[in-house]
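Trainee: Before I ask anything, let me first share the structure, which is written out below as structure tokens.
The values are calculated or read from the model by the stated rules, or taken from the named source; none is laboratory data. If you're wondering where the values come from, they're calculated on a predicted model, not measured in any experiment. Backbone-built Cβ (ideal geometry, glycine too); neighbour counts: all protein chains shown.
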Amino acid sequence: MKDTEGLLFLLLLLSSIELKYVSCRDSSYITIPLGTSGGLDDSDLSSFLLTKKGSNLFITFDAGTIWTGVSKFLANKNYVRSFNIVFPQWATQEDQQIAWFVKNYILAYVIGHPHLDHVAGLVEASPEDYLPSGVLNIHPPIETGLLALLKHIIDPILLDSKQILSKKTIVGLPNTIQAIKDNLFNNLIWPNLPDFGRYDYYTMKEGHSYDLMELVFLNNSDRENLGKNFPNNVEIKPFPTCHNDMMSTAFLLTDKITGDQIVFFSDTGIPSENVIGITCDYLKRIRIIWQSIHINKLKAIFLECSYTNSQPSTQLFGHLRPKDVIPVLAELIDYGIQTTPKTMNLRHVKLVVQHIKPMANQSPTTNFSVRQLIYKELSESNKFLGIQIIIPEQGEPICL
């Protein structure tokens, strides 16, 4: 009976959530999960690529896993064709193609907090994360990704500049950027690649809105040449959030043309009850974010759900369970910017559930996997709110 129950529920999960990228006919944005879990398996840690439909330039939100996630995405040749991913003729091996994708299709890294499971992939991929100047002489020429962007907006005289072609941006609030500087790219844990021109840092200000393209080191005339193309038409605003005894970040993205909004939460949640001295009110900070969201324009929420409902409150460490997630989302109805008449549900919104921790030390009472169980528990509390629950799969694009 339990086997049948588990099979039926798995079929329900697969049929009712959008895991496969088809054509995104009714969606403007697409995310590619490079990593979805919250620990133990270092080949699948929190990281999501985001782009707009019709573009193949990606912004990375958190970077726990890069290489393996890109590998899984590129393994599906239909996706490669759909996104117009083009490789040099010499890139025939898997690692060559993964490296080329990282070099030419990832524009910047937006990091919510500096825990290793959110930055390890950036560090590991960093030796290959640059476009050398000679790449402009590739034949046949490649007219997609970063190369297309550079050729479109930059004076041809500058196209051979090593600095322009090699430097990418690591973006975050001050505490995140400082931790990465001090503890990762510091010539002790890892070479200081920013000092070698490989990366540069962009320290955001709390509550300040930025054009997403502003976070890339291009001058104003270059950005103007982009017109309405992604990522120049997107505004991003960081909000500090609580993650146990440290600060994390949520990023609110707003399409300046359509007004569509997406919010990405790095880790946040309930502090462990046995930790003394925590003063950060995680609910208060989330409510501040809700106050900036137009409910009718919201397309997607990326939010963690690290544990099942059986996890004790004393062992949450700044994370969430299904019984915490749904009430937090329900508050958006009251705190968000409402419509007339009032919108009473979130049926038009997709919840991308991330940072699911493996059930390594628990004794599950059902045959469900931890991902199935979290989906089940979320669904049981979601009947009124009606948000579209998505349990992402590594490398599988999701239409937003």
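Trainee: Going by the structure shown, is residue 56 out of contact with any Lys or Arg (no Cβ under 7 Å at 6 or more places or on another chain) and on the phi > 0 side of the Ramachandran plot?
Mentor: Working: out of contact with any Lys or Arg (no Cβ under 7 Å at 6 or more places or on another chain): yes; on the phi > 0 side of the Ramachandran plot: no.
For residue 56, the condition - out of contact with any Lys or Arg (no Cβ under 7 Å at 6 or more places or on another chain) and on the phi > 0 side of the Ramachandran plot - is not met.
Trainee: Next up: Which of (1) under 25 Å from residue 37 (Cβ atoms); (2) β-branched (Val, Ile, Thr); (3) surrounded by fewer than 18 Cβ atoms within 10 Å (Cβ to Cβ) is the odd one out, the single condition residue 279 does not satisfy?
Mentor: (1)
Trainee: Could we say that residue 267 is of a type in the set (D, E, K, R) and surrounded by fewer than 22 Cβ atoms within 10 Å (Cβ to Cβ) here?
Mentor: In short, no.
Trainee: Tell me whether region 289-306 contains one or more residues that are in contact with a strand residue (DSSP E or B) (Cβ under 6 Å, 6 or more places away or on another chain), aromatic (Phe, Trp, Tyr), in a helix (DSSP H, G or I) and under 22 Å from residue 48 (Cβ atoms).
Mentor: So far as region 289-306 goes, no, none of its residues is in contact with a strand residue (DSSP E or B) (Cβ under 6 Å, 6 or more places away or on another chain), aromatic (Phe, Trp, Tyr), in a helix (DSSP H, G or I) and under 22 Å from residue 48 (Cβ atoms).
Trainee: How many residues, within region 168-214, are within 14 Å of residue 124 (Cα to Cα), in contact with a strand residue (DSSP E or B) (Cβ under 9 Å, 6 or more places away or on another chain) and part of a loop (DSSP other than H, G, I, E, B)?
Mentor: 4
Trainee: Let me ask you something else. Kindly indicate whether any position in region 305-319 is out of contact with any His (no Cβ under 8 Å at 6 or more places or on another chain), buried (at least 23 other Cβ atoms within 10 Å of the Cβ) and free of Cβ contacts under 8 Å to residues at least 60 places away in the same chain.
Mentor: There is no residue in region 305-319 that is out of contact with any His (no Cβ under 8 Å at 6 or more places or on another chain), buried (at least 23 other Cβ atoms within 10 Å of the Cβ) and free of Cβ contacts under 8 Å to residues at least 60 places away in the same chain.
Trainee: I've got another one for you. If you check every pair at least six apart or on different chains, which have Cβ atoms under 7 Å apart with a residue in region 288-301 that is surrounded by fewer than 17 Cβ atoms within 10 Å (Cβ to Cβ) first and a residue that is assigned to a helix (DSSP H, G or I) second?
Mentor: So the pair list comes out as 291/335.
Trainee: Given the residues 129, 117, which is the only one that is of a type outside the set (Gly, Ala, Ser), crowded, with 19+ Cβ neighbours inside 10 Å and closer than 21 Å to residue 196 by Cβ?
Mentor: One residue alone meets the criteria, 129.
Trainee: Consider residue 34 carefully, then state whether it is of a type outside the set (D, E, K, R), more than 14 Å from the chain's Cα centre (by Cα) and either at pLDDT below 95 or not in a helix (DSSP H, G or I) (or both).
Mentor: It is false that residue 34 is of a type outside the set (D, E, K, R), more than 14 Å from the chain's Cα centre (by Cα) and either at pLDDT below 95 or not in a helix (DSSP H, G or I) (or both).
Trainee: Where residues in region 85-111 are in a loop (DSSP other than H, G, I, E, B) and either of a type in the set (A, V, I, L, M, F, W, C) or touching a residue at least 60 places away in the same chain (Cβ under 8 Å) (or both), which of them is nearest to residue 170 (Cα to Cα)? Working first, answer last.
Mentor: Restricting attention to region 85-111, the residues satisfying the condition of being in a loop (DSSP other than H, G, I, E, B) are 85-93, 111.
Now narrow it down to the ones that are either of a type in the set (A, V, I, L, M, F, W, C) or touching a residue at least 60 places away in the same chain (Cβ under 8 Å) (or both): 85-87, 90-91, 111.
On the way: 85: 23, 86: 25, 87: 25, 90: 29, 91: 27, 111: 7 Å.
Ranking the qualifying residues of region 85-111, first place goes to 111.
Trainee: Next question. What are the residues in region 329-342 that are surrounded by fewer than 17 Cβ atoms within 10 Å (Cβ to Cβ) and part of a loop (DSSP other than H, G, I, E, B), if any?
Mentor: 338, 339, 340, 341, 342
Trainee: Those residues that are over 27 Å from residue 63 (Cβ atoms) and in contact (Cβ under 8 Å) with a residue 40 or more places away in the chain, I need them from region 335-361; list them, please.
Mentor: Within region 335-361, 335, 336, 337, 338, 339, 343, 345, 346, 347, 348 meet the criteria.
Trainee: Looking at residue 278 and the list (1) at pLDDT below 95; (2) part of a helix (DSSP H, G or I); (3) not charged (D, E, K, R), which single condition is not satisfied?
Mentor: The number of the failed condition is (2).
Trainee: Tell me which residues, restricted to region 63-84, are among the polar types (S, T, N, Q), outside any helix (DSSP H, G or I) and within 20 Å of the chain's Cα centre (by Cα).
Mentor: 65
Trainee: Between residues in region 17-42 that are closer than 23 Å to residue 371 by Cα and crowded, with 21+ Cβ neighbours inside 10 Å and residues that are at pLDDT below 80 and of a type outside the set (Asp, Glu), which pairs lie under 8 Å by C-beta distance while being six or more apart or on different chains?
Mentor: 30/21
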